[in-house]
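Data first, discussion second: the structure below is written as C-alpha coordinates.
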Amino acid sequence: MKMQITYFGHSCFQVVAGGKKILFDPFISPNPLAAHIDIQSIEADYIFISHAHDDHTADALTIAKRTNAVLVGNWEVHRWFNHHGVANTHPMNIGGSWQFDFGRVKMIEAVHSSSFSDGTYGGNPSGYYMETADCNFYYAGDTALYNGMKLLGRYAKIDTAFLPIGDNFTMGPDDALIAAKYIKCDKIIGMHFDTFGFIKIDHEAAKKKFSNEDRKLILMKPGEMVEV
Ligand code: NI
Ligand code: MN
(Lines give C-alpha, C1' and ligand atoms only; values in the text may rest on other atoms or scores of the structure.)
(Ligands and ions follow the chains in the order given, each with its own letter.)
Protein backbone atom coordinates (compact mmCIF):
# COMPACT_ATOMS: atom_id res chain seq x y z
CA MET A 1 0.00 0.00 0.00
CA LYS A 2 1.12 3.53 -0.70
CA MET A 3 0.91 6.75 1.16
CA GLN A 4 0.74 10.16 -0.39
CA ILE A 5 3.08 12.87 0.85
CA THR A 6 2.94 16.58 0.03
CA TYR A 7 5.81 18.83 1.09
CA PHE A 8 5.15 22.41 2.21
CA GLY A 9 8.78 23.27 2.92
CA HIS A 10 11.12 23.02 5.93
CA SER A 11 9.69 20.19 8.11
CA CYS A 12 6.06 20.55 7.05
CA PHE A 13 4.42 17.63 5.27
CA GLN A 14 0.89 16.45 4.70
CA VAL A 15 0.68 12.66 4.76
CA VAL A 16 -2.48 10.92 3.58
CA ALA A 17 -2.64 7.57 5.36
CA GLY A 18 -5.39 5.48 6.90
CA GLY A 19 -7.91 7.67 5.08
CA LYS A 20 -6.92 10.84 6.94
CA LYS A 21 -4.89 13.93 6.15
CA ILE A 22 -2.12 14.31 8.68
CA LEU A 23 -0.17 17.57 8.75
CA PHE A 24 3.19 17.88 10.48
CA ASP A 25 4.87 21.01 11.87
CA PRO A 26 3.22 23.79 9.83
CA PHE A 27 5.74 26.55 9.09
CA ILE A 28 4.83 27.97 5.70
CA SER A 29 3.92 31.66 5.62
CA PRO A 30 7.30 32.85 7.08
CA ASN A 31 9.27 30.54 4.75
CA PRO A 32 10.44 32.29 1.55
CA LEU A 33 10.99 28.88 -0.10
CA ALA A 34 7.26 28.16 0.39
CA ALA A 35 5.99 31.60 -0.77
CA HIS A 36 3.95 29.93 -3.55
CA ILE A 37 2.01 27.74 -1.09
CA ASP A 38 -1.49 28.98 -0.22
CA ILE A 39 -1.99 28.00 3.40
CA GLN A 40 -5.76 28.53 3.04
CA SER A 41 -5.89 25.54 0.70
CA ILE A 42 -4.14 23.10 3.05
CA GLU A 43 -6.48 20.45 4.40
CA ALA A 44 -5.91 18.59 7.64
CA ASP A 45 -7.75 16.13 9.86
CA TYR A 46 -4.82 16.09 12.27
CA ILE A 47 -1.93 18.42 13.00
CA PHE A 48 1.01 16.79 14.75
CA ILE A 49 3.52 19.11 16.42
CA SER A 50 7.02 17.81 17.18
CA HIS A 51 8.07 20.75 19.36
CA ALA A 52 7.22 24.37 20.06
CA HIS A 53 9.89 26.20 18.05
CA ASP A 54 8.45 28.74 15.64
CA ASP A 55 9.82 26.98 12.55
CA HIS A 56 7.48 24.07 13.46
CA THR A 57 4.40 25.89 14.75
CA ALA A 58 4.13 29.29 13.00
CA ASP A 59 0.96 28.46 11.02
CA ALA A 60 -0.50 25.85 13.37
CA LEU A 61 -3.00 28.18 15.09
CA THR A 62 -4.36 29.51 11.79
CA ILE A 63 -4.70 26.09 10.19
CA ALA A 64 -6.10 24.42 13.33
CA LYS A 65 -8.80 27.09 13.70
CA ARG A 66 -9.80 26.97 10.02
CA THR A 67 -9.82 23.16 9.62
CA ASN A 68 -10.85 22.16 13.16
CA ALA A 69 -8.19 19.44 12.86
CA VAL A 70 -7.20 17.60 16.02
CA LEU A 71 -3.92 19.12 17.16
CA VAL A 72 -1.57 16.58 18.77
CA GLY A 73 1.49 17.47 20.79
CA ASN A 74 3.00 16.98 24.21
CA TRP A 75 1.27 18.27 27.34
CA GLU A 76 2.84 21.74 27.19
CA VAL A 77 2.04 22.16 23.48
CA HIS A 78 -1.55 21.02 24.08
CA ARG A 79 -1.92 23.56 26.94
CA TRP A 80 -0.47 26.41 24.87
CA PHE A 81 -2.86 25.79 21.97
CA ASN A 82 -5.81 25.45 24.39
CA HIS A 83 -4.91 28.86 25.84
CA HIS A 84 -4.82 30.30 22.32
CA GLY A 85 -8.29 29.10 21.37
CA VAL A 86 -7.74 25.63 19.93
CA ALA A 87 -10.04 23.29 21.88
CA ASN A 88 -9.62 20.23 19.69
CA THR A 89 -6.30 18.94 21.02
CA HIS A 90 -4.90 15.59 22.03
CA PRO A 91 -2.01 15.58 24.52
CA MET A 92 0.62 12.83 24.55
CA ASN A 93 4.01 12.39 26.08
CA ILE A 94 7.16 10.51 25.19
CA GLY A 95 6.84 6.75 25.09
CA GLY A 96 3.06 6.80 25.07
CA SER A 97 0.96 5.49 22.22
CA TRP A 98 -2.66 5.96 21.19
CA GLN A 99 -5.00 4.33 18.70
CA PHE A 100 -6.32 7.09 16.44
CA ASP A 101 -8.92 6.38 13.72
CA PHE A 102 -6.17 6.32 11.05
CA GLY A 103 -3.68 4.16 12.95
CA ARG A 104 -1.54 3.78 16.03
CA VAL A 105 0.83 6.56 17.03
CA LYS A 106 3.72 6.47 19.48
CA MET A 107 5.46 9.61 20.65
CA ILE A 108 9.21 9.15 20.33
CA GLU A 109 11.92 11.12 22.11
CA ALA A 110 14.00 13.68 20.24
CA VAL A 111 17.26 15.22 21.40
CA HIS A 112 16.74 18.95 20.90
CA SER A 113 15.10 21.84 22.84
CA SER A 114 11.61 23.33 22.80
CA SER A 115 10.07 26.68 23.66
CA PHE A 116 7.43 28.87 22.03
CA SER A 117 8.41 32.18 20.45
CA ASP A 118 6.68 34.01 23.34
CA GLY A 119 9.09 32.28 25.74
CA THR A 120 6.62 29.69 27.07
CA TYR A 121 8.27 26.38 27.93
CA GLY A 122 7.35 23.81 25.29
CA GLY A 123 8.10 20.58 27.15
CA ASN A 124 10.36 17.97 25.63
CA PRO A 125 10.76 17.80 21.86
CA SER A 126 9.52 14.65 20.16
CA GLY A 127 9.00 12.64 17.02
CA TYR A 128 6.20 10.22 16.09
CA TYR A 129 6.10 6.63 14.92
CA MET A 130 2.86 5.80 13.10
CA GLU A 131 1.44 2.45 12.02
CA THR A 132 -1.38 2.80 9.51
CA ALA A 133 -3.14 0.45 7.09
CA ASP A 134 -1.17 2.09 4.25
CA CYS A 135 2.33 2.44 5.62
CA ASN A 136 4.40 2.61 8.79
CA PHE A 137 6.47 5.73 9.13
CA TYR A 138 8.61 7.70 11.53
CA TYR A 139 8.60 11.49 11.66
CA ALA A 140 11.67 12.38 13.71
CA GLY A 141 11.08 16.10 14.33
CA ASP A 142 14.23 18.08 15.14
CA THR A 143 16.76 15.76 16.69
CA ALA A 144 20.37 14.79 17.02
CA LEU A 145 21.41 11.26 16.26
CA TYR A 146 21.00 9.32 19.49
CA ASN A 147 21.51 5.77 20.62
CA GLY A 148 17.83 5.23 21.51
CA MET A 149 16.96 5.14 17.81
CA LYS A 150 18.30 1.57 17.86
CA LEU A 151 15.44 0.67 20.18
CA LEU A 152 12.94 2.03 17.67
CA GLY A 153 14.64 -0.05 14.97
CA ARG A 154 14.21 -3.13 17.12
CA TYR A 155 10.43 -2.98 17.58
CA ALA A 156 9.20 -0.86 14.68
CA LYS A 157 8.86 -1.81 11.02
CA ILE A 158 9.46 1.51 9.34
CA ASP A 159 8.74 1.76 5.61
CA THR A 160 9.59 5.44 5.31
CA ALA A 161 11.25 7.89 7.69
CA PHE A 162 11.27 11.68 7.75
CA LEU A 163 14.66 12.70 9.13
CA PRO A 164 16.19 16.15 9.61
CA ILE A 165 19.24 16.50 7.43
CA GLY A 166 20.26 20.17 7.47
CA ASP A 167 22.94 19.94 10.18
CA ASN A 168 23.80 22.78 12.61
CA PHE A 169 20.51 22.52 14.60
CA THR A 170 19.88 18.80 13.97
CA MET A 171 21.48 15.79 12.34
CA GLY A 172 23.27 16.39 9.08
CA PRO A 173 23.48 13.89 6.21
CA ASP A 174 26.18 11.71 7.82
CA ASP A 175 24.31 11.30 11.09
CA ALA A 176 20.98 10.87 9.27
CA LEU A 177 22.51 7.96 7.37
CA ILE A 178 23.56 6.35 10.67
CA ALA A 179 20.05 7.02 12.01
CA ALA A 180 18.58 5.26 8.96
CA LYS A 181 20.67 2.21 9.86
CA TYR A 182 19.66 2.38 13.54
CA ILE A 183 15.96 2.45 12.64
CA LYS A 184 16.42 -0.13 9.85
CA CYS A 185 14.84 2.00 7.14
CA ASP A 186 16.11 2.39 3.59
CA LYS A 187 13.72 5.09 2.37
CA ILE A 188 14.40 8.48 3.92
CA ILE A 189 12.65 11.77 3.24
CA GLY A 190 14.90 14.67 4.22
CA MET A 191 13.58 17.68 6.10
CA HIS A 192 14.85 20.77 7.91
CA PHE A 193 17.27 21.75 5.12
CA ASP A 194 17.90 24.84 2.94
CA THR A 195 15.37 27.11 4.71
CA PHE A 196 17.98 29.29 6.41
CA GLY A 197 21.67 29.95 5.76
CA PHE A 198 22.71 27.65 8.63
CA ILE A 199 21.09 24.56 7.09
CA LYS A 200 21.82 24.76 3.37
CA ILE A 201 23.05 21.42 2.08
CA ASP A 202 24.53 19.97 -1.11
CA HIS A 203 21.66 17.81 -2.38
CA GLU A 204 23.64 15.62 -4.73
CA ALA A 205 26.38 14.93 -2.17
CA ALA A 206 23.80 14.01 0.47
CA LYS A 207 21.88 11.71 -1.90
CA LYS A 208 25.11 10.03 -2.92
CA LYS A 209 26.03 9.24 0.68
CA PHE A 210 22.75 7.33 0.94
CA SER A 211 22.88 5.61 -2.45
CA ASN A 212 26.44 4.46 -1.70
CA GLU A 213 24.95 2.48 1.17
CA ASP A 214 21.95 1.15 -0.79
CA ARG A 215 19.53 3.61 0.74
CA LYS A 216 17.40 6.27 -0.84
CA LEU A 217 17.32 9.90 0.25
CA ILE A 218 14.36 11.83 -1.18
CA LEU A 219 14.64 15.64 -1.09
CA MET A 220 11.31 17.12 -2.11
CA LYS A 221 10.60 20.61 -3.40
CA PRO A 222 8.01 22.73 -1.56
CA GLY A 223 4.66 22.06 -3.23
CA GLU A 224 5.76 18.69 -4.57
CA MET A 225 3.75 15.51 -3.96
CA VAL A 226 5.09 11.95 -4.00
CA GLU A 227 3.69 8.51 -3.33
CA VAL A 228 5.88 6.08 -1.42
NI1 NI B 1 13.69 23.18 16.69
MN1 MN C 1 13.59 23.50 13.72
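The values are calculated or read from the model by the stated rules, or taken from the named source; none is laboratory data. Because the structure is a prediction, the values reported are computed rather than measured. Every residue, glycine as well, gets a Cβ built from its backbone with ideal geometry; the counts of neighbours run over all protein chains shown. These area figures cover heavy atoms from the full protein model, side chains too; ligands, DNA and RNA do not enter into them. Shrake-Rupley method; radii C 1.70, N 1.55, O 1.52, S 1.80 Å.
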- Quick count over segment 135-147, residues being surrounded by fewer than 19 Cβ atoms within 10 Å (Cβ to Cβ) and over 26 Å from Asp54 (Cα atoms), is 1
- Item | When residues of segment 108-143 are limited to those that are among the hydrophobic types (A, V, I, L, M, F, W, C) and farther than 18 Å from Asp45 by Cα, the one farthest from ligand 1 (Cβ to nearest atom) | Ile108
- For residues that are open to solvent by 10 Å² or more (accessible area, probe 1.4 Å) and either part of a loop (DSSP other than H, G, I, E, B) or without any contact (Cβ under 8 Å) to a residue 24 or more places away in the chain (or both), tally how many sit in segment 33-61. 10
- Inspect all residues belonging to segment 183-204 and state whether any of them is of a type in the set (Phe, Trp, Tyr), within 17 Å of the chain's Cα centre (by Cα) and open to solvent by 70 Å² or more (accessible area, probe 1.4 Å). no
- Task: Go through (1) surrounded by 22 or more Cβ atoms within 10 Å (Cβ to Cβ); (2) small (Gly, Ala, Ser); (3) at positive phi one by one and return the number of the condition Gly95 breaks.
- Result: (1)
- Note on the structure: (1) without any contact (Cβ under 8 Å) to a residue 60 or more places away in the chain; (2) in a loop (DSSP other than H, G, I, E, B) all hold for Lys21 apart from (2)
- Message: Just to be sure I understand the filter: pairs with C-beta atoms under 7 Å, separated by 6 or more residues or on different chains, first member in segment 159-180 and free of Cβ contacts under 8 Å to residues at least 24 places away in the same chain, second member more than 15 Å from ligand 1 (Cβ to nearest atom) and open to solvent by less than 10 Å² (accessible area, probe 1.4 Å). Which pairs pass?
- Response: none
- Task: Answer yes if at least one residue in segment 67-78 is charged (D, E, K, R), at pLDDT 95 or above, under 28 Å from Ile199 (Cα atoms) and surrounded by fewer than 15 Cβ atoms within 10 Å (Cβ to Cβ), and no otherwise.
- Result: no
